[in-house]
1. What accessible surface, in Å², does a 1.4 Å probe find on Phe114, ignoring ligands, DNA and RNA and rounding to the nearest 10?
2. Test of understanding: what is the full-extension gain from Lys57 to Thr104, defined as 0.36 nm times their sequence separation minus their Cα-Cα distance?
3. At R0 = 25 Å, how high is the FRET efficiency between Lys43 and His193 if r is their beta carbon distance? Nearest 0.05 is fine.
4. Got a sec? What order do Arg34, Arg74, Arg148 fall in by accessible area at 1.4 Å, biggest, i.e. largest, first?
Amino acid sequence: MGAAIAAAVFAKNAAEHTKSSADTAERALSTVERPYLAIEITKSGVVCKDRGTTFGKVHYIFKNLGRTPAILIRQHFTYRRSDGLPNHIDPIETVGTQLPYGITIASGGKSEKFKTGHALPITAMFEQRRMDEPRGDTLFLLGFVVYRDLAGNEFATGFCFAHDNESEFYLASPRHCGAEGDRYNYDRVIAQHDRSLHVLKG
């Protein structure tokens, strides 16, 4: 009787260990076998001349640096003028613009060219700012893109570019990141698909 109980306990522990090992392996595999999106500005729309600076629409593309396809869901772009880094934008709190269904970027591929909906001065001038946000002469282009893999997991790529009227847009990042890491330029899992329950867990 005792041997039977011991065997049952061993079998239960072995099954739990196997499931735990399988879950760990699946998480590790999903970390490797997943899409990773990056944004590349192909045309800044900013032209600096002796008589002054002119602003146009920003052209950009998304590149999939990962090993599986990325399905675009939504994106958010905004402009801020500030002496320092502006307030970051959270992809959970901000919905952004829903993208047409079915835009997929293959592994190692890139998207068609996108462009901002307005020329820079209009959006930069009328962009809503929080009262505690500093103002200045540096123009920031910041936001995020949310995308999904074939398994239903959702990810967000955040970005923050700066333009000082002397060069092209360059990646802007805080010098010292806190416990949350870089809240401007990041790759983040925002919803994970639970295959056993067939739901998304945020």
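1. 40 Å²
2. My answer for the length gained is 14.5 nm.
3. For Lys43 and His193, the calculated efficiency is 0.10.
4. Arg148, Arg74, Arg34
The values are calculated or read from the model by the stated rules, or taken from the named source; none is laboratory data. These numbers were taken from a predicted model, which means no experiment stands behind them. Don't worry about glycine lacking a Cβ; one is built from the backbone with ideal geometry, like all the others, and counts go over all protein chains shown. SASA here: full protein model, heavy atoms, side chains in, ligands and nucleic acids out. Shrake-Rupley method; radii C 1.70, N 1.55, O 1.52, S 1.80 Å.
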